[in-house]
Amino acid sequence: MPLVTSKEMFKKAYEGGYAIGAFNVNNMEIIQGITEAAKLENAPLILQVSKGARAYAKHVYLMKMIEAAIADTDLPIVVHLDHGPDFETCKSCIDGGFTSVMIDGSHLPFEENIAQTKKVVEYAHDHGVVVEAELGRLAGVEDEVKVSAEDSSYTQPDEVVEFATRTGCDSLAIAIGTSHGAFKFKGEPKLRFDILEEVSKRLPGFPIVLHGASSVIPEYVDMINQYGGNMPGAQGVPEAMLRQAASMAVCKINIDSDLRLAFTGEVRKHFAEHPDHFDPRQYLSDARDGIRGMVRHKIVNVLGCNGKA
Ligand code: G3H
Ligand code: 13P
Ligand code: ZN
């Protein structure tokens with residue numbers, strides 16, 4: 001099966017009341033853990049690559065490993081640019097075989113976000129590639145994406161129809177209170193489902209994307225803390241809230257931090273239990289197994305896309 005776009009996937013997910021997992025990939029063990037889980041659950045999949053991931057692993061390595069994953073699993077897989085910062089990066093990914101790109105103009109004034117997104121959409125659509133855009137701004141920190149709580153802002157439902165119509169984007173990421181990273185809420189988690197509801201009323205049938213949607217699985221935070229790490233106060237989006245979002249207009253749920261936590265937790269545990277090990281295959285196998293188990297759990301218990309490939 002060749003790489004696919006998310007067009008059909010999102011249509012089925014919207015109608016079926018479930019979501020597709022979009023998992024960030026940076027190396028072979030992460031790609032294998034995720035795709036093996038999807039194969040076991042017969043789930044459609046989005047593998048996403050950030051600017052930082054391209055700098056770390058190189059575009060060509062990631063692309064070839066994803067092609068290998070498709071040959072190995074025969075699953076419908078989308079390869080997506082996460083948080084594309086500008087037209088040039090989106091163009092480079094489109095020219096380099098990605099089937100989906102995000103142009104993240106969420107930090108720009110409304111008109112500039114529209115102009116930049118429209119330019120990417122025109123180039124992408126000419127090449128059979130779909131585009132995710134963003135309105136509203138999530139807080140949080142990850143390598144290439146840093147937004148303070150003061151600079152974050154909820155999506156304004158009044159703006160979404162004009163934005164989607166004028167840009168021609170295929171899906172829209174919105175800000176309803178999630179944030180990037182492992183420290184999402186101080187105190188009780190709250191999401192603005194009223195905004196999601198309003199957006200979906202104004203854009204019926206239109207796929208919505210949720211960034212910053214790791215649940216920061218407590219078992220992995222505990223494992224990291226138990227084996228020498230230090231992550232007090234780490235907290236994610238409760239799984240029940242993610243299931244609710246998936247049953248509404250949210251068709252794509254972005255997960256990176258949970259992969260990092262599973263990988264790091266397993267490696268820390270491995271070294272604590274086997275201080276004499278120095279063959280990378282020993283501890284990286286544990287990391288890959290952890291990711292496989294964690295992603296299966298997401299597919300079945302959070303996203304609901306098992307059996308939908
Ligand atoms: O939202 C950002 C993604 O988790 C990618 O993070 O830029 O550290 O690769 P990164
Ligand atoms: P998390 O940090 O919650 O995993 O979010 C990842 C994300 O939104 C990638 O774009
Ligand atoms: Zn994101």
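Rule-based calculations on the coordinates, nothing more; no lab input. Keep in mind it's a predicted model, so treat the numbers as computed, not measured. When we count neighbours, we look across all protein chains shown, and the Cβ atoms used for this are built from the backbone with ideal geometry, even at glycine.
Counting Lys and Arg as +1 and Asp and Glu as -1, each charge on the Cβ, what is the dipole of the range 26-128 about the Cα centre in debye, to the nearest 20? Spell out each step's value before the answer.
On the way: 8 positive and 15 negative charges, 37 e Å.
About 180 debye.
At a Förster distance of 51 Å, what's the computed FRET efficiency of Lys119 paired with Glu273, Cβ-Cβ distance as r, to 0.05? Spell out each step's value before the answer.
On the way: r = 52 Å, r/R0 = 1.02.
That gives a FRET efficiency of 0.45.
Relative contact order (percent) for the chain, with alpha-carbon contacts under 8 angstrom and 6 or more residues of separation?
Numbers: 625 pairs, mean separation 71.8, N = 309.
Taking the mean separation of contacting Cα pairs over the length of the chain, I get 23 percent.
Where nothing but the Cβ of Lys and Arg (+1) and of Asp and Glu (-1) is charged, how large is the charge dipole of the chain around its Cα centre, in debye to the nearest 20?
Here the chain has a charge dipole of around 380 debye.
Going through the cross-link list Lys91/Lys118; Lys11/Lys119; Lys269/Lys298; Lys7/Lys51; Lys252/Lys308; Lys39/Lys298, which pairs have a Cα-Cα distance over 18 Å in this structure? Don't jump to the answer; show the numbers that get you there.
Details: Lys91/Lys118 13 Å; Lys11/Lys119 24 Å; Lys269/Lys298 22 Å; Lys7/Lys51 23 Å; Lys252/Lys308 14 Å; Lys39/Lys298 13 Å.
Pairs exceeding 18 Å: Lys11/Lys119; Lys269/Lys298; Lys7/Lys51.
HN-Hα J couplings of the range 213-227 from phi, Karplus 6.51/-1.76/1.60, θ = phi - 60°, integer Hz, Gly and Pro as x?
Once rounded to whole Hz, the list reads 10, 6, 8, 6, 3, x, 4, 6, 4, 4, 4, 5, 5, 5, 10.
Go ahead and set up a Gaussian network model of the chain, Cα springs under 10 Å, then flag whichever of Glu67, Glu29, Glu132 fluctuates most.
Glu67
Give me the number: length gained by fully extending Asp86 to Arg137, i.e. 0.36 nm times residue separation minus the C-alpha to C-alpha distance, one decimal in nm. The partial results should precede the final answer.
On the way: separation 51, 0.36 × 51 = 18.36 nm, distance 1.65 nm.
Once the chain is fully extended between Asp86 and Arg137, it gains 16.7 nm.
With each run of n ≥ 4 DSSP H residues scored as -39500 (n - 2.57), what mean residue ellipticity at 222 nm is computed for the chain after dividing by its residue count and rounding to the nearest 500 deg cm²/dmol?
Working: 12 runs with 146 residues, N = 309.
One gets -14500 deg cm²/dmol as the mean residue ellipticity at 222 nm.
Write down the Kirkwood hydrodynamic radius of the chain, to one decimal in angstroms, obtained as one divided by the mean of 1/r over all alpha carbon pairs. Working shown, then result.
Values: mean 1/r = 0.0516 Å⁻¹.
It works out to 19.4 Å.
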